[in-house]
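Let me begin by presenting the structure, written as structure tokens, before commenting on it.
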Amino acid sequence: MKEKIEEIISYVKEKIETIEKSSDCQNLRIETLGKNGKITELFRFMKEVPANEKQALGQLLNTAKQQVESIISAKETFLQSKELEEKLMSEKIDVTLDLNPDEVGALHPVTIDFMRMAEILTGMGFSQIDGPEIEYDKYNFELVNIPADSPSRDMQDSLYITNSILLRTQTSNTQPRAMEKIKPPFKVFSFGRVFRKDDIDATHTPAFHQLEGIYIDKKVSLADLKHDLSLILKKYLGESTKTKFRASYFPFTEPSVEVDAECNVCKGKGCAACNGAGQYEILGAGMIHPHVLELNGIDPNEYSGYAFGFGFDRFPKMRYKIPNAKVMFENDVRFIRQFK
Ligand code: DAH
């Protein structure tokens with residue numbers, strides 16, 4: 001009997017090693033401890049065993065039964081937790097999975113160029129400020145010396161929301177906004193969208209970008225303006241790009257200048273990008289009109305200043321050889337994706 005028991009135990013130990021599925025443990029349990037199991041059969045012999053040996057043999061069988069059960073259940077528990085882990089692994093959502101690189105956004109060409117310009121300006125001591133796109137006509141016109149009856153309002157066909165609120169036509173609205181908030185001396189720039197009533201074609205869109213620069217201090221002169229703008233343009237357009245300052249007129253500056261830059265596509269020869277001119281107008285600037293300083297509470301006898309305003313779509317358009325102004329505002333990802 002003892003030998004039989006040992007035989008069954010070593011059979012179980014051997015068999016358990018080969019089991020790989022928790023459900024197979026139950027089969028081994030049935031085979032050994034079930035109704036007709038190997039151990040259960042041995043219990044049946046008990047009645048034939050002499051009375052004096054019954055107790056010892058009974059103990060032996062019970063110990064064997066427990067041993068078999070613990071061998072089987074240990075493996076069963078081990079396999080069950082392994083199977084659960086595998087199930088969880090296979091159903092897991094991997095949140096660290098890399099995105100398809102095609103889906104990663106790209107910066108708009110105007111933004112790329114603005115970031116370059118912002119770096120140049122901050123390097124020269126300018127701080128960035130912001131102005132509203134929906135603006136009172138007071139800031140957009142009146143406080144920059146364009147009164148209600150001024151013919152120069154005809155220069156800009158505006159998009160009005162109410163009688164006194166419009167979509168700003170120029171970032172020059174940040175001039176009075178800055179003078180209202182900041183005490184001179186200050187050196188600031190502002191970038192953003194401006195809006196005019198314009199039909200869309202290859203060179204016109206009803207929304208476009210401008211960048212405004214303002215410097216107010218004691219004794220700021222035209223020489224400062226020429227020096228600073230030349231430096232900005234050299235850094236922005238490249239050392240060798242030729243620029244030309246010429247006299248112009250703006251209601252909020254006196255004297256006023258406009259700056260032309262050599263076309264960087266044809267290098268001055270004339271091409272489709274510059275409409276054959278070999279150059280393009282890049283900005284307007286001038287010494288802030290004393291009347292504008294006065295209108296905004298700054299004493300023109302104590303302070304003077306300069307301002308400049310870049311049209312900010314032209315240059316990225318030429319730089320990246322974008323033939324149509326319209327695509328700059330459509331935000332089609334197939335277009336923007338190219339500027340990575
Ligand atoms: N605001 C002008 C425009 O929209 C551009 C401009 C010209 C801005 C001269 C300035 C300036 O600050 O001094 O055409």
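The values are calculated or read from the model by the stated rules, or taken from the named source; none is laboratory data. Keep in mind that this is a model prediction, so the values were computed, not measured. Here Cβ is always computed from backbone atoms with ideal geometry, including for glycine, and neighbour counts include all displayed protein chains. Accessible surface areas use protein heavy atoms only, side chains included; no ligands, DNA or RNA. Shrake-Rupley method; radii C 1.70, N 1.55, O 1.52, S 1.80 Å.
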Quick test of your reading of the structure: ASN173 fulfils all but one of (1) within 14 Å of the ligand (Cβ to nearest atom); (2) in contact with a Ser or Thr (Cβ under 8 Å, 6 or more places away or on another chain). Name the failing condition by number. (2)
Quick count over the stretch 241-274, residues being farther than 30 Å from PHE141 by Cβ and open to solvent by 20 Å² or more (accessible area, probe 1.4 Å), is 12
Tell me, yes or no, whether the stretch 327-339 has at least one residue that is in the same structural domain as PHE186 (by TED's automatic domain parsing) and in contact with a Lys or Arg (Cβ under 8 Å, 6 or more places away or on another chain). yes
Go through the stretch 134-158 and give me each residue that's away from the ligand (no atom under 14 Å from the Cβ) and either at pLDDT 95 or above or open to solvent by 40 Å² or more (accessible area, probe 1.4 Å) (or both). ILE134, TYR136, LYS138, GLU142, PRO147, ALA148, ASP149, PRO151
For a quick check of your reading of the model, give me the residue pairs whose first member lies in the stretch 1-17 and is in contact (Cβ under 8 Å) with a residue 24 or more places away in the chain, whose second is part of a loop (DSSP other than H, G, I, E, B), with beta-carbon atoms closer than 9 Å and at least 6 apart or on different chains. MET1/VAL49
All but one of (1) open to solvent by less than 50 Å² (accessible area, probe 1.4 Å); (2) away from the ligand (no atom under 13 Å from the Cβ) hold for ILE161; state the number of the condition that does not hold. (1)
Residues of the stretch 218-240 being in contact (Cβ under 8 Å) with a residue 12 or more places away in the chain and open to solvent by 60 Å² or more (accessible area, probe 1.4 Å), which ones? LYS218, LYS219, LEU222, LYS226, LEU231, LYS235
In the stretch 321-336, anything over 21 Å from the mean Cα position of the chain (by Cα) and either open to solvent by 30 Å² or more (accessible area, probe 1.4 Å) or on the phi > 0 side of the Ramachandran plot (or both) is listed as LYS321, PRO323, ASN324, LYS326
Hey, any hits in the stretch 69-88 for a residue that's part of a strand (DSSP E or B) and either over 24 Å from PHE195 (Cβ atoms) or in the same structural domain as SER10 (by TED's automatic domain parsing) (or both)? no
Any hit, the stretch 277-295, residues being farther than 30 Å from ASP217 by Cα and open to solvent by less than 20 Å² (accessible area, probe 1.4 Å): yes
Test result for GLU212, in a loop (DSSP other than H, G, I, E, B), within 35 Å of the chain's Cα centre (by Cα) and acidic (Asp, Glu): no
Test each condition in (1) open to solvent by less than 100 Å² (accessible area, probe 1.4 Å); (2) not assigned by TED's automatic domain parsing to the domain that holds VAL292 for LEU121 and report the one that comes out false. (2)
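If only one of GLU7, GLU3 is farther than 30 Å from GLU85 by Cα, modelled with pLDDT of 90 or more and among the acidic types (Asp, Glu), which one is it?
GLU7
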Can you name every residue in the stretch 65-118 that is open to solvent by less than 60 Å² (accessible area, probe 1.4 Å) and modelled with pLDDT under 90? ALA106
Look through the stretch 189-217, keep the residues that are within 16 Å of ILE298 (Cα to Cα) and touching a Phe, Trp or Tyr at 6+ places or on another chain (Cβ under 6 Å), and return whichever of them is least open to solvent (accessible area, probe 1.4 Å). ILE216
